[in-house]
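Presented below is the structure to which this report refers.
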Amino acid sequence: MNLDFKFVSDFVFRISNFKKCGVILKKDILTLLDLDKRDFDKLFSRAGELKKMYKKGTSKRPLVGKTLGLIFDKQSTRTRISFETAMIHLGGTPIYISAKDTQIARDEPVRDTARVLSRYIDCLAIRTFSQDLLSAFGEYASIPVINALTDLYHPCQILSDLMTVIEKKGGYAGLKYAWVGDGNNVAHSWINAAAVLGLDLVLACPEGYSPNQDILDTALALGNGNITVVDDPIKAVTNADVVYTDVWASMGQESERKVRKQVFTPYEVNAALMAKASKDAIVMHCLPAHRGEEISDEILEGPQSVVWDQAENKMHMHKAVLETLIMGKG
Ligand code: CP
Ligand code: NVA
């Protein structure tokens, strides 16, 4: 590494995640293991400040002249639009890059696309199927690359979800977190967060739908927190402070929906299950939700549900992420 390179930020990243890019070093968020506890805490604090400024009408525009490219190979309402509005509020310009209308769809290699786009734009947010493809963008782009969801992870979702937990519970530590349902991409990012922040996380998943064993093993090897996988939703939810669920069939698994619906029926987050949780437990869902499947209408619309705050906080958290990665400021 050329020691003359200067990193313009006080933001603390593990050195292994720094990458050379001309005159500065860049940082990606491909998984939550790219962040340490201090990074998380700085993002929570900055997102909270940015939210307050936005509500008071005192927001600043530090990203004037900067651009965010968004490549989304899967559908999105919240993530894409909250990234776009976050960029606009910060004074920058989002550019939606429709993969099918670019040479990506005609098999131009990712390593070429990543290097070319790095000459035009300042940051890339990518939603795609393969984590390896995302990592290749990270490897070859000289600009920060953000995971906006892959089959394996959804890191920014959990950043904004934990911001919501902090708002509702006064902090993220000392709580029992229960995941109920599929051991999917969102669950994997919760596992990563639990490993970095030392959370008490119990995941209740049907047999055959547990989280990826390598992801679990890596998290357990970090030795922080208490992460367990069970098959009994009651066991997971009993005395939980935060109950989280997500769709039973994620994007790309539509053909399995019928089978999954049968397997997952006992995993619905409903009033009977929530009766086991702590009295003031909150219920979270990244959305979109399927009422009557993973969550009952009564619970989604009920007083314990914080799903609309979760959705809003994606915009505030994405501002903190963009500001940090593009300007190198926390
Ligand atoms: N929660 C979430 O990522 O929603 P979208 O799929 O609408 O972006
Ligand atoms: N697990 C879901 C999350 C959607 C935000 C999916 O991947 O479709």
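The values are calculated or read from the model by the stated rules, or taken from the named source; none is laboratory data. Computed from a predicted structure; not experimentally measured. Glycine also receives a Cβ, built like all others from the backbone with ideal geometry; neighbour counts cover every protein chain displayed.
When residues in segment 303-330 are screened for being within 30 Å of Phe264 (Cα to Cα), in contact with a helix residue (DSSP H, G or I) (Cβ under 8 Å, 6 or more places away or on another chain) and of a type outside the set (S, T, N, Q), 5 of them pass. Residue-level analysis places Leu133 outside the set of residues that are in contact (Cβ under 8 Å) with a residue 60 or more places away in the chain and more than 16 Å from ligand 1 (Cβ to nearest atom). Remark: Ile121 falls outside the filter, which requires a residue to be of a type outside the set (D, E, K, R), in contact with an Asp or Glu (Cβ under 7 Å, 6 or more places away or on another chain), touching a residue at least 40 places away in the same chain (Cβ under 8 Å) and away from ligand 2 (no atom under 16 Å from the Cβ). Taking (1) within 16 Å of ligand 2 (Cβ to nearest atom); (2) free of Cβ contacts under 8 Å to residues at least 40 places away in the same chain; (3) over 20 Å from the mean Cα position of the chain (by Cα) in turn, Gln253 satisfies each apart from (3). Taking segment 81-95 as the range and being within 16 Å of ligand 1 (Cβ to nearest atom) and surrounded by fewer than 19 Cβ atoms within 10 Å (Cβ to Cβ) as the test, the residues that pass are Ile81, Thr85. Here is a check on your reading of the model: is Ile146 within 17 Å of Val321 (Cα to Cα), among the aliphatic types (A, V, I, L, M) and away from ligand 2 (no atom under 12 Å from the Cβ)? Considered against the rule, which asks whether it is within 17 Å of Val321 (Cα to Cα), among the aliphatic types (A, V, I, L, M) and away from ligand 2 (no atom under 12 Å from the Cβ), Ile146 comes out as yes. In segment 65-82, the residues that are on the phi > 0 side of the Ramachandran plot reach residues that are more than 12 Å from ligand 2 (Cβ to nearest atom) with C-beta atoms within less than 9 angstrom, at least six apart or across chains, in these pairs: Gly65/Gly91; Gly65/Gly92; Gly65/Thr93; Gly65/Asp122. In a residue-by-residue description of segment 272-287, the property of being out of contact with any helix residue (DSSP H, G or I) (no Cβ under 6 Å at 6 or more places or on another chain), of a type in the set (Val, Ile, Thr) and buried (at least 23 other Cβ atoms within 10 Å of the Cβ) applies to no position. Just name the residue that is surrounded by the fewest Cβ atoms within 10 Å (Cβ to Cβ) out of those in segment 173-188 that are more than 16 Å from ligand 2 (Cβ to nearest atom) and touching a residue at least 60 places away in the same chain (Cβ under 8 Å). Looking at residues that are more than 16 Å from ligand 2 (Cβ to nearest atom) and touching a residue at least 60 places away in the same chain (Cβ under 8 Å), I get Leu175.
Looking only at segment 159-175, count every residue that is touching a helix residue (DSSP H, G or I) at 6+ places or on another chain (Cβ under 9 Å), away from ligand 1 (no atom under 16 Å from the Cβ) and of a type outside the set (Phe, Trp, Tyr) and tell me the total.
At the first step, the residues of segment 159-175 found to be touching a helix residue (DSSP H, G or I) at 6+ places or on another chain (Cβ under 9 Å) are 159-164, 166-168, 171-173, 175.
From what's left, away from ligand 1 (no atom under 16 Å from the Cβ): 166-168, 171-173, 175.
Now drop any that are not of a type outside the set (Phe, Trp, Tyr), which leaves 166-168, 171, 173, 175.
Residues that pass the stated criteria total 6.
Within segment 260-295, the residues that satisfy the criterion of being more than 24 Å from the chain's Cα centre (by Cα) and over 15 Å from Val242 (Cα atoms) are Lys261, Gln262, Val263, Thr265, Pro266, Ala272, Gly292. Within segment 167-192, if we keep just the residues that are hydroxyl-bearing (Ser, Thr, Tyr) and outside any helix (DSSP H, G or I), the residue that is farthest from Asp280 (Cα to Cα) turns out to be Tyr172. Determine if segment 149-166 includes at least one residue that is assigned to a loop (DSSP other than H, G, I, E, B) and more than 16 Å from ligand 2 (Cβ to nearest atom). Within segment 149-166 (the criterion being assigned to a loop (DSSP other than H, G, I, E, B) and more than 16 Å from ligand 2 (Cβ to nearest atom)), the answer is no, since none of the residues qualifies.
Selection of first residues in segment 259-282 that are modelled with pLDDT of 95 or more and of second residues that are outside any helix (DSSP H, G or I) and of a type in the set (Gly, Ala, Ser), restricted to Cβ pairs under 6 Å at least 6 apart or on distinct chains, gives the following pairs, ordered by first then second residue: Arg260/Ala249; Tyr267/Gly181; Asn270/Ser296; Ala277/Ala240; Ala281/Ala240. Look at segment 136-164: where a residue is of a type in the set (Asp, Glu) and a partner is more than 12 Å from ligand 2 (Cβ to nearest atom) and part of a loop (DSSP other than H, G, I, E, B), sitting 6+ places away or on another chain with Cβ atoms under 7 Å, you get Asp151/Ser130.
For segment 34-75, residues that are in a loop (DSSP other than H, G, I, E, B), buried (at least 16 other Cβ atoms within 10 Å of the Cβ) and in contact with a strand residue (DSSP E or B) (Cβ under 9 Å, 6 or more places away or on another chain) total 5.
Which one is farthest from ligand 1 (Cβ to nearest atom), of the residues in segment 136-158 that are out of contact with any strand residue (DSSP E or B) (no Cβ under 7 Å at 6 or more places or on another chain) and of a type in the set (A, V, I, L, M)? Residue satisfying both the conditions and the ranking: Ala136.
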